[in-house]
């Protein structure tokens, strides 16, 4: 399947983040980050502090160290969630993790596999941007000179099918991401705001962001903070994730 032609704004954004050639030749991202907020607390999950993570670029595969204890590794692998030991021994797994989030119990509480799926797809989508532009199964439409709409395929591990990304007019860098967090409910509109970028080896990356509730017509509320994220270290790699 060939890659679709990108709208002019998408091509400009990709260039602002290091260019298509560099992202196309990379295999994975390694990072250290912290993440917390009300979205986790209301499901009985605690914040994560300075955890090591890794994201495959060609496939929705995400590694989160320490989610279920210091000697654990949590994996998102497509639509499945898995907990394993540091040596690779699988402790428990869930094949269709998204479907299981619709259960009554999950309105009040998430287990570690639920949290693995949510945090796995959340971080994978964030860390692999703008490589998402190079995927043939994601369709991008330019809405105006600073906004793009992304249409994801059915079943893709992401917030929802239709999402909107807004960019800085001068730099082309991401400023805001609007979506509905379907795993919470179709009412769960949110807006993720980029607070700060940094540069690593000539590539800009988002190092601080937070998400708050969103409303109709692009309205954004400043409280409560649904999740906040800080990236302490980041590296684009030519090696596969292990």
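Side notes on the structure shown:
- Using distinct alpha-carbon pairs, which all enter the 1/r mean, Kirkwood radius of the range 48-116 in Å: 12.5 Å
- All C-alpha to C-alpha distances of the range 58-201, sorted into 5 Å bins beginning at zero, yield P(r) values of 2, 9, 17, 20, 19, 15, 10, 6, 2, 1 percent in whole numbers.
- Two-site FRET efficiency, residue 168 against residue 89, from Cβ-Cβ distance with R₀ of 35 Å, rounded to 0.05: 0.15
- The chain: most fluctuating residue of 101, 41, 119 per GNM, C-alpha cutoff 10 Å: 41
- Spherically averaged projected area of the range 153-199 from its Cα convex hull (nm²): 4.3 nm²
- Residue 34 paired with residue 201, simple spin-label distance in nm, labels 7 Å along Cα-to-beta-carbon: 2.6 nm
- Estimated FRET transfer efficiency (residue 70, residue 242; beta-carbon r; R0 22 Å; 0.05): 0.70
- Relative exposure of 231, 146, judged by other C-beta atoms within 10 Å (fewest first): 146, 231
- Pairwise FRET efficiency - residue 41 versus residue 100, Cβ, R0 = 22 Å, nearest 0.05: 0.60
- The alpha-carbon atoms of the range 128-242 define a convex hull whose volume equals 142 cubic angstrom per residue.
Computed from the coordinates by the stated procedures, all read-outs in this text should not be read as laboratory data. This one's a predicted model, so the numbers in the text were calculated from it and none came from an experiment. Because the Cβ atoms are built from the backbone with ideal geometry, glycine has one as well, and the counts that use them run over all protein chains shown.
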